[in-house]
Amino acid sequence: MLEHGAAPPAADSDPRPPTPAGLGTRLMRRKPVERLVAEGGQGEGGTLRRSMGVWQLTMISIGATLGTGIFVVLGQAVPDAGPAVILSFVLAGITALFSALSYAELAGTIPVSGSSYSYAYATLGELIAWVCGWCLILEYGVSVAAVAVGWGQYLNELLDGTFGFTIPDALSAPPGDGGIFNLPALLVVLLAMVFLLGGAKESARANTIMVAVKIVALLLFCGVAIQGVHSGNYANFMPLGMTGVSAAGATLFFSYIGFDAASTAGEEAKNPQRDLPRAIMLSLIIVTTLYCLVAAIAVGAMPWQKFKGSEAALAGIMKDVSGQDFWAVLLAFGAVIAIASVVLTVLYGQTRILFAMSRDGLVPKVFSKVHAKSGAPRANTVIVSLFCGVLAAAIPLGQLADATSIGTLFAFALVNVAVVVLRYKRPEMPRSFRTPLSPLFPVIGFILCILMMLSLDVVTWIVFGVWMVVGLVIYFGYGMRRSRLAPAEK
């Protein structure tokens with residue numbers, strides 16, 4: 001679908017006669033933009049349905065983003081940066097902004113479900129596309145698990161304040177954190193799965209309601225907690241210097257994961273060329289504003305040293321400031337809804353990434369099978385949900401958050417490269433949104449992503465390296481030979 005009045009882009013052409021493809025050629029084979037767009041919505045046995053406008057798309061990105069950093073990861077970031085965690089949010093937000101501009105251009109130009117995986121396939125070649133898609137699996141799949149782990153913490157806050165009991169640690173915390181099996185984390189993933197099985201339209205409606213609840217909850221926190229702000233809590237503003245601010249910023253980048261979620265809905269949007277760029281930019285502005293506001297009030301209301309080890313910091317602040325359990329319980333309810341919304345929308349994005357990769361032949365066909373009645377990839381949804389649910393129940397939160405950040409940063413870096421490549425190779429293509437000052441802004445976005453990756457722990461890099469090796473083994477053993485572009489080269 002093109003914007004009204006836009007001419008269709010010229011097809012890729014190659015006047016050279018076909019020759020047997022060597023390994024290098026196969027690794028660099030690109031999928032033409034026209035073919036990507038033409039295949040939009042098509043799956044095994046059915047098609048995805050175009051049912052979402054700019055409002056629903058914006059809510060998907062906000063739903064996937066808003067909540068993780070504030071409700072879950074804030075307690076890990078403040079001990080690194082102190083009150084300067086506000087600057088860490090700004091740093092992470094600026095890093096996200098440059099990449100968001102690149103995402104907005106590509107989402108409007110290549111409006112398909114594969115997000116940065118598909119953008120890389122059209123510009124950088126199949127191997128890079130696979131690496132990008134593999135990073136997205138890490139980004140979306142693991143972040144679902146990480147967020148679900150934090151959901152159990154707030155569920156216990158809610159149960160304690162409402163009914164006076166909590167789920168025992170053995171059943172509400174992952175191994176390594178005093179638990180045997182994190183049952184709430186598994187349950188929230190399965191609940192999201194039920195919504196997704198009903199179809200994109202129904203999931204989007206439920207998500208919009210949940211997003212409204214969590215925005216109200218955060219504004220409520222600001223209204224109550226600001227009464228407990230003490231200027232002395234800002235006195236030693238940057239106790240660990242810019243090193244701490246940068247380290248916290250890298251961790252907090254986890255809280256911006258999701259602004260690109262709208263780009264995974266490219267094949268279920270009514271007018272993707274117009275609405276996807278708007279949804280991506282609008283969601284990032286709203287989320288960054290709320291994050292900075294809540295963080296500034298939180299560190300003003302509680303000394304930064306007390307944040308260490310707290311995964312439900314906001315509820316504790318509400319209780320301390322008001323002296324009443326009521327406000328903390330109300331915030332815990334908002335957090336339960338907020339984090340459930342993140343699980344729902346990020347899980348949605350994960351299934352659509354795998355849908356696109358499956359349609360290209362790089363992963364099994366089961367992931368691109370579409371249920372004729374609901375228009376949803378049901379088998380895909382069930383498989384991904386069960387995997388993420390078990391992961392959430394078995395892995396500690398901190399390691400998950402950092403592993404997700406590095407995968408996201410790598411994928412975002414590739415998106416910035418893809419914008420420059422597509423501008424160079426296909427300058428005539430109609431673009432509903434153009435990244436300002438290209439190639440300067442994409443280059444800045446790329447550099448910022450790499451710098452934030454370098455600030456992550458060595459252990460995180462080891463995990464990322466192992467993940468990449470596993471991905472390459474799968475690609476060379478399965479994806480490269482089964483790619484739908486392969487038969488054309490034989």
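The values are calculated or read from the model by the stated rules, or taken from the named source; none is laboratory data. Keep in mind that what you see is a predicted model, and the values were worked out from it rather than measured. In this analysis, Cβ positions are derived from the backbone assuming ideal geometry, glycine residues included, and neighbour counts consider all displayed protein chains.
Taking the residues in the range 89-107 that are polar (S, T, N, Q) and at pLDDT 90 or above as candidates, determine which candidate is farthest from residue 287 (Cα to Cα).
Here the answer is 102.
Taken over the range 184-228, residues that are part of a helix (DSSP H, G or I) and under 21 Å from residue 348 (Cα atoms) amount to 30. Going through (1) at pLDDT 85 or above; (2) under 30 Å from residue 101 (Cβ atoms) one by one, residue 339 falls short only on (1). Taking the range 345-374 on its own, how many of its residues are touching a strand residue (DSSP E or B) at 6+ places or on another chain (Cβ under 8 Å), surrounded by fewer than 20 Cβ atoms within 10 Å (Cβ to Cβ) and farther than 25 Å from residue 472 by Cβ? Result for the range 345-374: 3. Listed conditions (1) over 21 Å from residue 31 (Cβ atoms); (2) of a type outside the set (Gly, Ala, Ser); (3) surrounded by fewer than 21 Cβ atoms within 10 Å (Cβ to Cβ) are all met by residue 409, apart from (3). Whether a residue is more than 25 Å from the chain's Cα centre (by Cα), surrounded by fewer than 24 Cβ atoms within 10 Å (Cβ to Cβ) and closer than 30 Å to residue 448 by Cβ was assessed, and residue 156 does not pass this test. Elements of the type helices (runs of 4 or more DSSP H) sitting completely within the range 19-138 and holding at least 2 residues that are closer than 24 Å to residue 419 by Cβ: these cover 23-28, 33-38, 54-65, 85-109, 116-123, 126-136. Scanning the range 267-294 for residues that are small (Gly, Ala, Ser) and more than 15 Å from the chain's Cα centre (by Cα) turns up just one, 269. Of all residues in the range 425-449, those satisfying the criterion of being modelled with pLDDT under 90 and either among the hydroxyl-bearing types (Ser, Thr, Tyr) or part of a helix (DSSP H, G or I) (or both) are 425, 432, 438, 448, 449.
For the range 358-386, a residue qualifies if it is within 17 Å of the chain's Cα centre (by Cα) and among the hydrophobic types (A, V, I, L, M, F, W, C), and exactly one does: 384. The residue that is nearest to residue 80 (Cα to Cα), counting only those in the range 229-258 that are outside any helix (DSSP H, G or I) and of a type in the set (Gly, Ala, Ser), is 235.
Among the residues in the range 370-385, are any out of contact with any helix residue (DSSP H, G or I) (no Cβ under 9 Å at 6 or more places or on another chain), part of a loop (DSSP other than H, G, I, E, B) and closer than 30 Å to residue 195 by Cα? Yes: one or more hits. Can you pull out the residues in the range 208-243 that are surrounded by 13 or more Cβ atoms within 10 Å (Cβ to Cβ), among the hydroxyl-bearing types (Ser, Thr, Tyr) and at pLDDT below 90? Listed by number, the list holds a single entry, 234. Scanning the range 327-336 for residues that are at pLDDT below 80 and not small (Gly, Ala, Ser), we see that the one that is surrounded by the most Cβ atoms within 10 Å (Cβ to Cβ) is 331.
Across the range 259-305, the number of residues qualifying as outside any helix (DSSP H, G or I), small (Gly, Ala, Ser) and in contact with a strand residue (DSSP E or B) (Cβ under 7 Å, 6 or more places away or on another chain) comes to 1. Among residues of the range 106-126 that are closer than 16 Å to residue 50 by Cα, those with a beta-carbon under 7 Å from a residue that is surrounded by 24 or more Cβ atoms within 10 Å (Cβ to Cβ) and among the basic types (Lys, Arg) at least six positions away or on a different chain give the pairs 113/352.
Under 9 Å by Cβ, and 6 or more places apart or on different chains, what pairs join a residue from the range 17-32 that is within 15 Å of residue 118 (Cα to Cα) with one that is at pLDDT below 75 and buried (at least 16 other Cβ atoms within 10 Å of the Cβ)? So the pair list comes out as 29/21; 29/486.
Limited to the range 174-207, what total is found for residues that are among the β-branched types (Val, Ile, Thr) and buried (at least 18 other Cβ atoms within 10 Å of the Cβ)?
Going through the range 174-207, the residues among the β-branched types (Val, Ile, Thr) turn out to be 180, 188-189, 194.
The next check asks that each one be buried (at least 18 other Cβ atoms within 10 Å of the Cβ); those that pass are 188-189.
So the count comes out to 2.
When the residues of the range 161-173 are filtered to those that are free of Cβ contacts under 8 Å to residues at least 40 places away in the same chain and either among the β-branched types (Val, Ile, Thr) or in a helix (DSSP H, G or I) (or both), the one that is surrounded by the fewest Cβ atoms within 10 Å (Cβ to Cβ) is 163. Contact annotation: no residue pair with Cβ atoms under 6 Å, 6 or more positions apart or on different chains, pairs a residue in the range 187-215 that is among the acidic types (Asp, Glu) with a partner that is in a helix (DSSP H, G or I).
Quick check, is residue 139 in contact with a Lys or Arg (Cβ under 7 Å, 6 or more places away or on another chain), charged (D, E, K, R) and surrounded by 24 or more Cβ atoms within 10 Å (Cβ to Cβ)? Break it down stepwise before answering.
Working: in contact with a Lys or Arg (Cβ under 7 Å, 6 or more places away or on another chain): no; charged (D, E, K, R): yes; surrounded by 24 or more Cβ atoms within 10 Å (Cβ to Cβ): yes.
So residue 139 does not fit the description; no.
As a summary of the residue check, residue 79 satisfies the conditions (1) farther than 16 Å from residue 291 by Cβ; (2) crowded, with 24+ Cβ neighbours inside 10 Å except for the one numbered (2).
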